[in-house]
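Each remark here refers to the structure printed beneath this line.
The values are calculated or read from the model by the stated rules, or taken from the named source; none is laboratory data. None of the values given here were measured: they were computed from a predicted structure. All Cβ positions, glycine included, derive from the backbone under ideal geometry; neighbour counts span all protein chains shown. These area figures cover heavy atoms from the full protein model, side chains too; ligands, DNA and RNA do not enter into them. Shrake-Rupley method; radii C 1.70, N 1.55, O 1.52, S 1.80 Å.
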Amino acid sequence: MKRFHVHLHVDDLAQSIAFYSRLFAAEPARVEADYAKWMLEDPRVNFAISTRGATPGVDHLGFQVDEAGELAELKARAQSADMALLDEGTTTCCYARSDKHWITDPQGVAWEHFHTLGNIPVFNEAAAQPPAAAQAACCPTGKPSAPEAGKAACCGPTANTPRKCC
């Protein structure tokens, strides 16, 4: 079964947790120093907030699936949309290990499709890098980074380059 996913950047995590907890009438399923996530059933949504963005607002939308076959179906749909697709395969981000891919819609909104395989204790395992490099790897500015050799650009949704990481 699919679950809609929304990730927002916020300025004040505690204030935002309090607000969304009241709005959803539920406490977050996970809280970290820079992140919180609600796994709501009505409506079925994975709603996440973090302080890892340059400006507050919607970071990306997406679909979380329960099974690998559902992810393959979403990938086929994304490929048929005739936009650049970034297939990360198995990766880590947002305190989880997941299989995922990204696509960016014509307006520049990033869409993440993922199947969560398990929790991890850090935002992403690339965080073992020096802090500045780790933040740059997840594009806190929301702007495209230069492509790495043989890889798609890190993130910053554009019509031709899907974002990577949360």
Matching residues in region 72-91 - criterion: being open to solvent by less than 30 Å² (accessible area, probe 1.4 Å) and over 15 Å from the mean Cα position of the chain (by Cα)
74, 78
Check on residue 99, touching a Leu at 6+ places or on another chain (Cβ under 7 Å) and farther than 18 Å from residue 9 by Cα:
yes
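Scan region 9-30 residue by residue and report those that are surrounded by fewer than 17 Cβ atoms within 10 Å (Cβ to Cβ) and not acidic (Asp, Glu). Don't jump to the end; show me each part of the working.
Kept after step one, since they are surrounded by fewer than 17 Cβ atoms within 10 Å (Cβ to Cβ), are these residues of region 9-30: 11-12, 14-15, 18-19, 21-27, 29-30.
Those that are surrounded by fewer than 17 Cβ atoms within 10 Å (Cβ to Cβ) and not acidic (Asp, Glu): 14, 15, 18, 19, 21, 22, 23, 24, 25, 26, 29, 30.
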Which one is surrounded by the fewest Cβ atoms within 10 Å (Cβ to Cβ) among residues in region 36-61 that are under 23 Å from residue 103 (Cβ atoms) and hydroxyl-bearing (Ser, Thr, Tyr)?
55
Of the residues in region 102-123, those that are in contact with a Phe, Trp or Tyr (Cβ under 8 Å, 6 or more places away or on another chain), surrounded by fewer than 18 Cβ atoms within 10 Å (Cβ to Cβ) and part of a strand (DSSP E or B) number 1
If we only count strands (runs of 3 or more DSSP E) wholly inside region 1-94, which ones have 1 or more residues that are free of Cβ contacts under 8 Å to residues at least 24 places away in the same chain and either out of contact with any strand residue (DSSP E or B) (no Cβ under 6 Å at 6 or more places or on another chain) or of a type in the set (Lys, Arg) (or both)?
30-32, 35-41, 85-93
Confirm whether residue 99 is assigned to a strand (DSSP E or B), of a type in the set (D, E, K, R), touching a residue at least 12 places away in the same chain (Cβ under 8 Å) and open to solvent by less than 60 Å² (accessible area, probe 1.4 Å).
yes
